[in-house]
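Heads up, the thing below is written out as structure tokens.
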Amino acid sequence: MANEIRITPWEAEAFVDYDRLIKIFGVKPLTDSEIALLKRYTNEDHMMLRRRVFYAHRDLDVFLNSYGLGRRCVLYTGRGPSGSTHLGHLLPWIFTKWLQDKLGIDLFFQMTDDEKYLHAEGGDLENYNRYAYDNMLDLIALGFNSSKTHVIIDTEDIRYLYPIAVKIAKKITFSTQKATFGLTESTNVGMIFYPVLQIAVAFLPTELYGEQTEVLIPAAIDQDPYWRLARDIAPSLGYPKPAQIHCKLLPGLDVGGKMSSSKPESAVYTTDDPEIAYRKVLRAYTGGQPTAELQRKLGGNPNLCPVFKMYEMMFEDNDSKLTERYHACRSGTILCGECKRELAERVAKFIKEHQVKRMKAVDQVEKYLIRYKFDVPLIRKRR
Ligand code: TRP
């Protein structure tokens, strides 16, 4: 079971055996042939594909063939606004934006303030709702196209989802829900229902456009249980099965886990002062030896180093420079301090520039909200 290696949508580690996850979840590894197919339409390589940061999929080929045939296609992703956005959240968004630009298609983006409220021990619902708006600034700062990007905030835009959710809910038994999401007898009933809403967005485009719409979901692999269920149900409700492209989780700066809001020192937030971001990177755990002397003698282990992973997954797009760094680490010719300083500079620069765009995003929010752009589908039909 997935639980053995601690990966459910609410609990995940970063240095997990990703190949095993492919088997457990029953998804396909991303191969050169899908990457080549994607390149046919994007005319560009993406570092996150080459390096298999995005590394698994379901029906990506089917989605791309539909795209090639001129059928209506969209992207869907989302965020549980539990706090400030960190670099680990931006990773799939950066790739999603690239896909949106290259394919020229719409993106539906779900902000699940309800999910995060229901999941948390404490906290006000209003607080999660505020974070939904706060996190939107990061989305906008990345440069998503406002006329093609539609944000759904669950607690406010539920009328778009509810009629679809009702139909989905009727198809899922309590025992399926329990087994799929690792729920227990003491799980609150909000959390039992919530997955229905995450699935509903995958079917919403077909309702909004009034035509069969193919959906591709770029997301971290820990979200897979939702999509498996969505795909099971889709045909019986008359919707196309959504396709997925799955990415790995950005490791946190401390030992072992993913970059996580529950461990603030492990994460670089987009709202961190660039100075603080710089210092967090300098304090990061590495795959290095305890002393400089040993490091020179034995070399480090980039495979288990969050600093190296940050270069590989986000901050070094030049392949030969990355390979050079890898070997310099292995052979002990570069020490962790130097490697971290270089990364800290890049991270601080990125954060600084992002914050300027984030400021400018403040008065752009409305342009992205679905409620100002689409009629509610089922109500429209009734009129
Ligand atoms: N459950 C996701 C989270 O906790 C939020 C989410 C909603 C999402 N819809 C999505 C993530 C679609 C990826 C794709 O962050």
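Residue count for the range 103-148 under the criterion of being in contact with a His (Cβ under 9 Å, 6 or more places away or on another chain) and either open to solvent by 10 Å² or more (accessible area, probe 1.4 Å) or closer than 20 Å to Thr271 by Cβ (or both): the result is 6. All of Ala132, Ala120 fail the test of being within 15 Å of the ligand (Cβ to nearest atom) and at pLDDT below 95, apart from Ala120. From the list Ala284, Ala292, Ala277, the lone residue that is open to solvent by less than 70 Å² (accessible area, probe 1.4 Å), in contact with a strand residue (DSSP E or B) (Cβ under 9 Å, 6 or more places away or on another chain), in contact (Cβ under 8 Å) with a residue 24 or more places away in the chain and farther than 21 Å from Tyr18 by Cβ is Ala277. When the residues of the range 210-229 are filtered to those that are assigned to a strand (DSSP E or B) and more than 8 Å from the ligand (Cβ to nearest atom), the one that is most open to solvent (accessible area, probe 1.4 Å) is Glu214.
Contact annotation: residue pairs with Cβ atoms under 8 Å, 6 or more positions apart or on different chains, pairing a residue in the range 162-179 that is surrounded by fewer than 18 Cβ atoms within 10 Å (Cβ to Cβ) with a partner that is outside any helix (DSSP H, G or I), are Lys178/Thr184. Scanning the range 151-200 for residues that are under 19 Å from Pro225 (Cα atoms) and small (Gly, Ala, Ser) yields Ala165, Ala169, Ser175, Ala179, Gly182, Gly190, Ala200. Answer yes if at least one residue in the range 147-161 is assigned to a helix (DSSP H, G or I), more than 13 Å from the ligand (Cβ to nearest atom) and closer than 30 Å to Tyr41 by Cα, and no otherwise. Yes, there is a match, as at least one residue in the range 147-161 is assigned to a helix (DSSP H, G or I), more than 13 Å from the ligand (Cβ to nearest atom) and closer than 30 Å to Tyr41 by Cα.
Only one of the listed residues (Leu90, Leu49, Leu75) is within 15 Å of the ligand (Cβ to nearest atom), open to solvent by less than 10 Å² (accessible area, probe 1.4 Å), of a type in the set (A, V, I, L, M, F, W, C) and farther than 21 Å from Val268 by Cα. That residue is Leu75.
The values are calculated or read from the model by the stated rules, or taken from the named source; none is laboratory data. Here the structure is a predicted model, which means the values were calculated and not measured. Using ideal geometry, Cβ is built from the backbone for each residue, glycine included, and neighbour counts are taken over all protein chains shown. Just the protein is used for accessible areas: all its heavy atoms, side chains included, with ligands, DNA and RNA removed. Shrake-Rupley method; radii C 1.70, N 1.55, O 1.52, S 1.80 Å.
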